[in-house]
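Shown next, in structure tokens, is the structure this report addresses.
The values are calculated or read from the model by the stated rules, or taken from the named source; none is laboratory data. Keep in mind the model is a prediction, meaning the values are calculated, not measured. Neighbour counts are summed over all protein chains in view; Cβ atoms, including those assigned to glycine, are modelled from backbone coordinates with ideal geometry. Note: accessible area is taken over every heavy atom of the protein model, side chains too, but ligands, DNA and RNA are not part of it. Shrake-Rupley method; radii C 1.70, N 1.55, O 1.52, S 1.80 Å.
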Amino acid sequence: QVQLVESGGGLVQAGGSLRLSCAASGRTFSTYAMGWFRLAPGKEREFVAAISWNGGNTYYTDSVKGRFTVSRDNAKNTVYLQMNSLKPEDTAVYSCAANSIIKRLLLLDSNYWGQGTQVTVSS
């Protein structure tokens, strides 16, 4: 079992930055790939980024490449999403999720989800 709690969301102007954190409970965190996802009003949940269990592999959706960076600290049971050059279209509730198979996260497949944190980017 993995429990996930996101933090770090907020209101920021376009062009600004935020760093989201996802803290995980359980001693098996380091065995899971982790992903970030977002849900905007009127849209379906979207994959944003994922990182393998040891940080060696990362994946990003095209719209955030070059602006967002996913990282993790297994000693702290935490995964991060550094978001730079934010745009109004990045406004959404951001959630993290875990899966032992990283490519399953690209399909939004996970049994473990956080509650999400709101990111609002003003123009």
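Just one of (1) assigned to a strand (DSSP E or B); (2) open to solvent by less than 60 Å² (accessible area, probe 1.4 Å) fails for ASP109. It is (1).
Yes/no matrix, rows are residues, columns are (1) under 15 Å from the mean Cα position of the chain (by Cα); (2) under 16 Å from GLN118 (Cα atoms); (3) open to solvent by 40 Å² or more (accessible area, probe 1.4 Å):
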residue	(1), (2), (3)
GLY10	yes, yes, no
SER17	yes, yes, yes
THR28	no, no, yes
LEU39	yes, yes, yes
ALA49	yes, no, no
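Pairs meeting the criteria (first residue in the stretch 49-78 and of a type in the set (A, V, I, L, M, F, W, C), second residue open to solvent by 50 Å² or more (accessible area, probe 1.4 Å) and assigned to a strand (DSSP E or B), beta carbons under 6 Å, at least 6 apart or on different chains) are ALA49/TYR60; ALA50/TYR59; ILE51/THR58; VAL70/THR58.
The set of residues in the stretch 48-87 that are over 21 Å from VAL12 (Cβ atoms) and of a type in the set (A, V, I, L, M) comprises ALA50, ILE51, ALA75. Could you please find all residues in the stretch 65-86 being over 23 Å from PHE29 (Cα atoms) and exposed (fewer than 15 other Cβ atoms within 10 Å of the Cβ)? Within the stretch 65-86, LYS65, GLY66, ASN84, SER85 qualify. Take the conditions (1) over 30 Å from ARG27 (Cα atoms); (2) more than 15 Å from the chain's Cα centre (by Cα); ILE101 misses just one of them, which is (1).
Just one residue in the set LEU86, LEU107 is at pLDDT below 95 and of a type in the set (A, V, I, L, M); that residue is LEU107.
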